[in-house]
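Single-structure report; data block below.
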Amino acid sequence: MNMPQLGLGTFRLQGQAAIDSVANGLELGYRHIDTAQIYGNETEVGQALADSGVARREVYLTTKIWTEHLAADKLAASLKDSLRKLRVEQVDLTLIHWPSPGAAVPVAESMQALLAAREAGLTGAIGISNFPVALMREAIAAVGADNIATNQVELHPYLQNRSVADFARAAGIHVTAYMPLAYGKVMGDPTIGEIARRYQATPAQVTLAWLLAKGYAVIPSSTKRENLAGNLRALGLVLGQEDSAAIDALDNGGRLVSPDFAPAWD
């Protein structure tokens, strides 16, 4: 199954909020759900998926391996634990969530372990997340670009991550944009707001449409059903060239996610 371009993120969603968001999303038509070991909600995502009545084969499901499990002797066991929580025999995509802090585990070791997990049938595809260009090169050297389904990175109007996106595109690696609405900052942006008024759309829809037009997958999250429904309408919104250029001009390097163990960013 190919990754649907618009997905539902579950970062920061816990307990019943996670169940409700995924349940509402699946009911509204989302068929791409993104979670991670460190989110602490794989069990809830699995419950919502099981209770939805939507066939497993119709949902593209992503999880991510946390940094503690990146060693070759830990990765597959941690992924099996994720599958148990998610109540599935296989996820569609498994990512290295963050490069190993301080390069404690070499990129090649984790990528080869991930490839072995794919060959063992635990995951349909493998990829990376939060990898700058230098570490993308290492990942490609380890398993080949054709075995890397995506690099999931923070990407929104204020952090357009162009060097990473351009390198990925040249290598044939898809880009998934997380935090696409910049923690809601786009809602109060005057440039995006003016564009939204002209298209009779919301700032969220305009921002997502801008990202989708660049070929990125996007995984916004929301606890509100009306916002989940609204975000889906971005798929039918096409921005004019001048409007896209106006959003392009908002890039100011405004990174929102950079923990103390983050790699050296481009």
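Along the axis of the charge dipole computed for the chain (Cβ charges of +1 for Lys and Arg, -1 for Asp and Glu, origin at the Cα centre), the listed residues 11, 88, 179 are led at the positive end by 88. Quick check: at a probe of 1.4 Å, how many percent of the accessible area of segment 8-249 sits on carbon and sulfur atoms? Carbon-and-sulfur percentage of accessible area, whole number: 50.
The calculated FRET efficiency for the pair residue 68 and residue 183, based on their C-beta separation and a Förster distance of 30 Å, comes to about 0.70. Each label point was placed 7 Å from the Cα along the Cα-to-Cβ direction; for residue 170 and residue 103 their separation is 2.1 nm. Residue separation of residue 56 and residue 27 scaled by 0.36 nm, minus their Cα-Cα distance, works out to 9.1 nm of gained length. In plain terms, the chain from residue 116 to residue 256 could stretch by 47.1 nm, reckoned as 0.36 nm per residue minus the Cα-Cα distance.
Once backbone amide H atoms are built at 1.01 Å from N, residue 32 has 8, 60 as its partners under 5 Å, excluding neighbours fewer than 5 places away on the same chain. The gain in end-to-end length when the residue 224 to residue 80 segment is fully stretched comes to 48.7 nm, 0.36 nm per residue minus the alpha carbon separation. Using the Cβ-Cβ distance between residue 197 and residue 16 with R0 set to 45 Å, the FRET efficiency from 1/(1 + (r/R0)^6) comes to roughly 0.80.
Applying Stokes-Einstein at 25 °C and 0.890 mPa s to the Kirkwood radius of the chain, computed over alpha-carbon pairs, gives a translational diffusion coefficient of 132 µm² s⁻¹. A Gaussian network model of the chain, with springs between Cα atoms under 10 Å, assigns the largest mean-square fluctuation among 127, 40, 102 to 102.
The values are calculated or read from the model by the stated rules, or taken from the named source; none is laboratory data. Quick caveat, the model's predicted, so the values are computed rather than measured. Note that each Cβ is placed from the backbone with ideal geometry, even for glycine, and that neighbours are counted across all protein chains shown. Side chains included, ligands, DNA and RNA excluded: accessible areas come from the protein's heavy atoms. Shrake-Rupley method; radii C 1.70, N 1.55, O 1.52, S 1.80 Å.
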